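*Asks:* Below are the structure tokens for one structure; questions will follow.
The values are calculated or read from the model by the stated rules, or taken from the named source; none is laboratory data. Just so it is clear, the model here is predicted, and its values are computed rather than measured. Every residue, glycine among them, receives a Cβ derived from its backbone with ideal geometry; neighbour counts consider all protein chains shown. These accessible areas exclude ligands, DNA and RNA; they are computed on the full protein's heavy atoms, side chains included. Shrake-Rupley method; radii C 1.70, N 1.55, O 1.52, S 1.80 Å.
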Amino acid sequence: MPLPSILTRRRLLAGVGAVALAGCLGDDNDGSEPATASSTATNPAVTATATTESRSTTAVPSCAVDADLPTTEFGPPYPPLGAVDSPALAVDFALEFEEALQRNRVRILEPAISYVRLDSDESTDVRSVERGFLVGARVELTYGNEVHTSSGTATGFQKRHVATAAYFVGDRALRVGTAELAVVDPRDAADGETVACGE
């Protein structure tokens, strides 16, 4: 079998370089995988098959949700973990996820309630770490039961629920409950749990 020409080798090296750069930007491909779509412009005929194969192997390895996430008929769905490439997106995910988690928990603990209201949410400053961000989240909910009578609507009971947690948000999301609003790395916590995997 003849050796590839220097031109072909250069094209292949360019493809490998593109894959290696992608690995630095968050892709798990370490350069040993076939070239991705970034090299198809150089030689589509050579890389078309390799591109198809690499797309099926670039998912985050061994990511599985291990948290027991409560769900209820009237509770909100959990947000998907998209591409989180900024501190603002990490904060948005952590707060939205924590609110959904606590709304579902409250509805399980108090099945007779007729409403759950978000009173406030806040986060810590975001800390940038390898492959993602660390952020603390706090949500405060009010929930209760409204009693409807012939003379109007009255509140049967009303309670307050506050929860704080720390999140790692990157190619996956991990959560650990905290006693107060703080930045903690759930990856280092014994009770840290994977709550979402990247798409």
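*Asks:* Just to verify a result, which residue in the range 155-185, among those that are of a type in the set (G, A, S) and modelled with pLDDT of 95 or more, is most open to solvent (accessible area, probe 1.4 Å)?
*Replies:* Among them, the one singled out is A179.
*Asks:* Consider Q102 against the criteria (1) under 19 Å from R138 (Cβ atoms); (2) in contact with an Asp or Glu (Cβ under 8 Å, 6 or more places away or on another chain); (3) among the polar types (S, T, N, Q): it satisfies all of them except one. Which criterion is unmet?
*Replies:* Against the list (1) under 19 Å from R138 (Cβ atoms); (2) in contact with an Asp or Glu (Cβ under 8 Å, 6 or more places away or on another chain); (3) among the polar types (S, T, N, Q), Q102 comes up short only on (2).
*Asks:* Being under 12 Å from F133 (Cα atoms) and open to solvent by less than 30 Å² (accessible area, probe 1.4 Å) is the filter here; which residues of the range 186-199 pass it?
*Replies:* Across the range 186-199, the qualifying residue is only P186.
*Asks:* Next question, about the same structure. Within the range 97-128, which residues are farther than 20 Å from P79 by Cα, open to solvent by 70 Å² or more (accessible area, probe 1.4 Å) and either part of a helix (DSSP H, G or I) or among the polar types (S, T, N, Q) (or both)?
*Replies:* L109, S128, listed by residue number.
*Asks:* So which residues in the range 129-154 are more than 20 Å from T72 (Cβ to Cβ) and either in contact with a helix residue (DSSP H, G or I) (Cβ under 7 Å, 6 or more places away or on another chain) or open to solvent by less than 80 Å² (accessible area, probe 1.4 Å) (or both), if there are any at all?
*Replies:* The answer is V129, G132, F133, L134, V135, G136, A137, R138, V147, T149, G152, A154.
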